[in-house]
1. Among the numbered criteria (1) free of Cβ contacts under 8 Å to residues at least 24 places away in the same chain; (2) under 27 Å from Ile281 (Cβ atoms), which single criterion is violated by Pro251?
2. Among the residues of region 226-241, write down those that are in contact with a Phe, Trp or Tyr (Cβ under 8 Å, 6 or more places away or on another chain) and over 20 Å from Asn123 (Cβ atoms).
3. Is it true that Lys108 is farther than 19 Å from Lys297 by Cβ, outside any strand (DSSP E or B) and among the charged types (D, E, K, R)?
4. Pairs needed: first member in region 228-239, more than 12 Å from Glu271 (Cα to Cα); second member anywhere, assigned to a strand (DSSP E or B); C-beta distance under 6 Å; at least 6 residues apart or different chains.
5. Can you pull out every residue in region 81-100 that is among the small types (Gly, Ala, Ser) and closer than 17 Å to Gly117 by Cα?
6. Of all residues in region 1-48, count the ones that are in contact with a strand residue (DSSP E or B) (Cβ under 7 Å, 6 or more places away or on another chain), open to solvent by 50 Å² or more (accessible area, probe 1.4 Å) and of a type in the set (A, V, I, L, M, F, W, C).
7. Checking Lys216 against (1) charged (D, E, K, R); (2) assigned to a loop (DSSP other than H, G, I, E, B); (3) in contact with a Leu (Cβ under 6 Å, 6 or more places away or on another chain), which test does it fail?
Amino acid sequence: MLKVGVLGAGHLGKIHLRLLNESSEYELIGFYDADPINGKNVEAEFGYTYFDNINTLIEAVEVVDIVTPTLSHYDCAKKAMEKGKHVFLEKPITKTLEEAESLIELEKQYGVKGQVGHVERFNPAFTAVKDLIHNPMFIETHRLAEFNPRGTDVPVVLDLMIHDIDAILSVVPSEVKDIYASGVSVISNSPDIANARIEFENGCVANLTASRISLKNMRKSRFFQRDAYISVDFLEKKVEVVKMKDAPESPGEFDMILQNAEGLKKQIYFENPEIRSNNAILDELETFANAINQDTKPEVTLSDGTKALKVALQVIASF
């Protein structure tokens, strides 16, 4: 079991603390929070050991789980890496691209591993179909949320859209060519609703919409590729996979056959991949433990987190 400490005991930090405490991969040593009153309250309520000094906690563990506000990600990760500790960082990886690139260098310099908390990579609906997504050429995503003051310190792109940016970058085998975007500040001082069109070198186009001022929650992505349409509902944990293949010589009575203008006949059929129930946050934390123990590449590397941040910042710059 890897000795782990958590930095930050806010809403998400408490979830990480609970899961790490239950995990068979980790031994939870304790946590640090910049607010001593909150730290002592969390210790009293849940029984986790509160450290009032960040350096003392880092010294006592092998893995540092950083669930602090994004502004402090870099400083916390740098402290931990310089002490030879592995780091798990909530998304977005850092506030700036320069900070993210610096962490990649520190990771190499100190021979440690880092992983970024892009939790939708572990969503059971996405993992069920990821291997079926091959060279998609058009992608459409909608990530809509009801208003919540938590998270409004950053634009909706860094709060919500970055989830879809990372998922798209993980399945499109091409570099980004152009980005066109618009965003509107409605309630906050930073954009609350945004749309981005991302064009890739290979011709793929992704159209992303994110909002934190919607009347209902929605987290859906649709992938269109040669002979297939794949829909992923991240919220409801459901998928739709519609595929086409050459029609048989003698179609069955219930076969769905389409014929195009050139006379080419295709058969439409459906796949129903198994969706396994899981806790995505626990899965991402435990795969990181496996990467450390087996000396393999983390599922979502610091480089992956940096690429997602780079595109997110380009989207914001396009407003």
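1. (2)
2. Residues satisfying the conditions do not exist here.
3. Here the answer is no, as Lys108 does not meet what is asked.
4. Pairs found: Val232/Ser221; Val232/Val239; Asp233/Lys220; Phe234/Arg219; Leu235/Arg219.
5. Across region 81-100, the qualifying residue is only Ala100.
6. 2
7. With (1) charged (D, E, K, R); (2) assigned to a loop (DSSP other than H, G, I, E, B); (3) in contact with a Leu (Cβ under 6 Å, 6 or more places away or on another chain) applied to Lys216, the lone miss is (3).
Here's the yes/no breakdown for (1) closer than 21 Å to Thr306 by Cα; (2) in contact with a Ser or Thr (Cβ under 9 Å, 6 or more places away or on another chain); (3) modelled with pLDDT of 95 or more:
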position	(1), (2), (3)
Leu97	yes, yes, yes
Tyr110	yes, no, yes
Arg121	yes, yes, yes
Pro124	no, yes, yes
Met137	no, no, yes
Thr141	yes, yes, yes
Phe147	no, yes, no
Val154	yes, yes, no
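The values are calculated or read from the model by the stated rules, or taken from the named source; none is laboratory data. Fair warning: this is a prediction, and the values are worked out from it, not measured in the lab. Don't worry about glycine lacking a Cβ; one is built from the backbone with ideal geometry, like all the others, and counts go over all protein chains shown. Just the protein is used for accessible areas: all its heavy atoms, side chains included, with ligands, DNA and RNA removed. Shrake-Rupley method; radii C 1.70, N 1.55, O 1.52, S 1.80 Å.
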